[in-house]
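The values are calculated or read from the model by the stated rules, or taken from the named source; none is laboratory data. The model shown is predicted, which means the values in this text are computed figures rather than measured ones. Every residue, glycine as well, gets a Cβ built from its backbone with ideal geometry; the counts of neighbours run over all protein chains shown. In case anyone asks, the SASA skips ligands and DNA or RNA and just uses the protein heavy atoms, side chains included. Shrake-Rupley method; radii C 1.70, N 1.55, O 1.52, S 1.80 Å.
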Amino acid sequence: WANTKTDSTAPEQELLCIFGTGDLGRSLGQRLLHSGYRVVYGSRRPHSCGPLPQGAQAMSHEAAAQSASLVFLCIHREHYDFLETLAPQLQGKVLVDVSNNLKKNLYPEANAECLQRLIPGAYVVKAFNTLSAWALQNGPSDANRQVYLCGNGAEAKQAVAEVATKLGFAALDRGSLSAAKELEDFPLQLFPEWRMPLYVAVGLTAFIFVYVVIRDVVYAYVEQGEDNSFRIMVSLANKVFPIVSLIMLSLCYLPGVIAGFIQLYRGTKYRRFPDWLDRWMLCRKQLGLVALGFAFLHMVYTLIIPIRYYVIFWGSNRTSVFDTTTAWRSDSYYSMGILGFGLFLLLGITSLPSVSNALSWREFSFIQSKLGYLTVFFCTFHTYLYGWDKFLRTYKWYMPPAYMLSLVLPSVLIVLKLLLLLPCVDRSLTRIRQGWERTDTQDGSEKPLLT
């Protein structure tokens with residue numbers, strides 16, 4: 001009952017204005033109302049502008065602009081012309097431009113810069129354009145937490161940042177209004193963080209596929225007159241997927257090992273890594289998830305092998321003597337594969353934000369680092385057991401078996417990681433990562449790095 005009483009000493013809720021009653025405008029208004037603001041909409045048809053969030057009111061553009069000091073413009077650039085007639089009402093106001101374009105370089109200048117030119121007496125801030133109506137409705141827990149903003153007025157940007165913070169988002173200042181074009185291009189980017197991993201995956205898949213086709217199909221046709229082209233759809237695909245998966249999993253962990261050796265060489269953690277290594281480390285998560293996708297395909301293709309006509313035909317027309325050694329190798333091979341894939345799934349699940357946010361840093365680091373290298377080991381050992389002694393006898397046109405190509409990178413990774421785990425090396429690297437620096441003194445009193 002106390003909540004129904006009006007406290008005369010409570011501060012009056014701030015009134016904000018929104019131009020535009022589309023999906024984004026309504027979602028933004030609803031979010032503002034839930035955060036404690038009063039909202040008024042400016043519309044050409046205030047009495048027939050469609051359903052509005054409960055608690056909001058609609059009025060003409062002129063009246064709405066005069067009533068609030070901060071105005072959100074949720075309208076497309078092609079409808080900016082009417083704003084020139086509102087220049088007197090918008091004088092000294094903070095205008096938040098949330099518009100985006102359908103494609104890059106559609107106009108010579110950014111939408112926010114155009115708006116500032118139309119209404120020079122207002123303070124234009126570019127913000128909230130990287131959020132969708134869905135993100136605003138569901139809040140930062142289910143969407144991107146960051147709100148990028150830019151503008152020429154420090155006080156105007158501070159006012160917008162306070163609103164974003166009250167809505168539950170983190171405001172990131174990108175500088176002056178000249179950065180507006182960059183912010184407007186953000187929503188138009190298609191998987192920017194996935195480009196390099198996808199390029200690597202496509203390149204590796206194409207190379208390995210051509211390699212196994214030449215070795216297993218073309219060779220058999222040229223040298224033996226056999227047509228094995230039917231094997232392309234399943235057998236050869238099931239060779240390509242695990243090879244690409246293991247190489248990309250190794251590429252996920254290799255930059256961390258390289259970074260460790262660079263820190264040992266420099267004797268400090270306070271110097272930046274080379275740009276290529278920085279970019280590589282930033283896409284490790286994407287590399288790992290793409291590798292998990294290929295591993296899943298390998299698992300599915302392996303499960304359908306027993307029902308293939310080719311396998312059934314040769315299995316029903318072939319007799320052989322039971323070999324205990326082969327049975328041990330086969331069971332160990334499958335066991336290592338299952339364990340490796342299980343750990344692989346665990347790495348993928350814990351990389352999801354909803355899961356990783358529930359883990360402490362120590363727990364997340366243990367899974368992604370310690371169990372990650374264990375995953376590399378199991379998958380590599382699985383491949384070694386698959387190859388067994390084939391590397392001694394199955395060269396075609398001097399081309400080694402395809403699985404041998406996948407073992408180079410993980411084997412190098414495991415050896416380098418074992419070197420970093422040596423007590424003298426690990427102790428020095430731990431000291432460096434805790435802040436210790438090797439100093440070059442002229443009196444020769446510096447301590448050796450490896451102690």
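The table for this structure:
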item: Residue pairs meeting the criteria (Cβ under 6 Å; at least 6 apart or on separate chains; first in contact (Cβ under 8 Å) with a residue 40 or more places away in the chain, in region 211-226; second among the charged types (D, E, K, R) and not in a helix (DSSP H, G or I)); result: ARG215/LYS396; TYR219/LYS396
item: Residue tally, condition open to solvent by 30 Å² or more (accessible area, probe 1.4 Å) and not in a helix (DSSP H, G or I), over region 274-284; result: 1
item: Single residue of LEU264, LEU347, LEU287, LEU292 found to be at pLDDT 90 or above, touching a Pro at 6+ places or on another chain (Cβ under 6 Å) and open to solvent by less than 50 Å² (accessible area, probe 1.4 Å); result: LEU287
item: Close pairs (9 angstrom Cβ cut-off, 6 or more residues apart or separate chains): in contact (Cβ under 8 Å) with a residue 24 or more places away in the chain in region 285-298, hydrophobic (A, V, I, L, M, F, W, C) and not in a helix (DSSP H, G or I) anywhere; result: GLN286/PHE191
item: Flag for VAL98 being at pLDDT 90 or above, closer than 17 Å to VAL124 by Cβ, crowded, with 21+ Cβ neighbours inside 10 Å and not acidic (Asp, Glu); result: yes
item: Of residues in region 236-273 being without any contact (Cβ under 8 Å) to a residue 60 or more places away in the chain and in a loop (DSSP other than H, G, I, E, B), the one farthest from LEU429 (Cα to Cα); result: LEU236
item: Some residue of region 318-337 being modelled with pLDDT under 90, under 19 Å from MET299 (Cβ atoms) and loosely packed, with under 13 Cβ neighbours inside 10 Å; result: yes
item: Count of residues meeting criterion [open to solvent by 30 Å² or more (accessible area, probe 1.4 Å) and in contact with a Pro (Cβ under 9 Å, 6 or more places away or on another chain)] in region 63-86; result: 1
item: Residue identified as in contact with a Phe, Trp or Tyr (Cβ under 8 Å, 6 or more places away or on another chain) and buried (at least 17 other Cβ atoms within 10 Å of the Cβ) among ALA237, ALA201; result: ALA201
item: Selection from region 215-230 of residues that are surrounded by fewer than 19 Cβ atoms within 10 Å (Cβ to Cβ), in a helix (DSSP H, G or I) and not acidic (Asp, Glu); result: VAL218, TYR219, ALA220, TYR221, VAL222, GLN224, SER229, PHE230
item: Among the residues listed as LEU149, LEU131, the single one being in a loop (DSSP other than H, G, I, E, B), crowded, with 16+ Cβ neighbours inside 10 Å and not β-branched (Val, Ile, Thr); result: LEU131
item: Residue list for region 392-420, filter: closer than 18 Å to LEU249 by Cβ and open to solvent by 40 Å² or more (accessible area, probe 1.4 Å); result: MET404, LEU405, VAL408, LEU409, VAL412, ILE414, VAL415, LEU416, LYS417, LEU418
item: Among residues of region 155-197, those that are among the charged types (D, E, K, R), free of Cβ contacts under 8 Å to residues at least 40 places away in the same chain and closer than 20 Å to SER27 by Cα, counted; result: 1
item: Contacts under 6 angstrom Cβ, first residue in region 74-99 being free of Cβ contacts under 8 Å to residues at least 60 places away in the same chain, partner charged (D, E, K, R) and assigned to a helix (DSSP H, G or I), 6 or more apart; result: GLN89/GLU62
item: Residue match in region 172-195 (condition: open to solvent by less than 50 Å² (accessible area, probe 1.4 Å), farther than 28 Å from LEU115 by Cα and part of a helix (DSSP H, G or I)); result: no
item: Yes/no for TYR398 being among the aromatic types (Phe, Trp, Tyr), on the phi > 0 side of the Ramachandran plot and either out of contact with any helix residue (DSSP H, G or I) (no Cβ under 7 Å at 6 or more places or on another chain) or in contact (Cβ under 8 Å) with a residue 40 or more places away in the chain (or both); result: yes
item: Search result, residues across region 67-87 that are of a type outside the set (A, V, I, L, M, F, W, C) and farther than 9 Å from CYS17 by Cα; result: HIS76, ARG77, GLU78, HIS79, TYR80, ASP81, GLU84, THR85
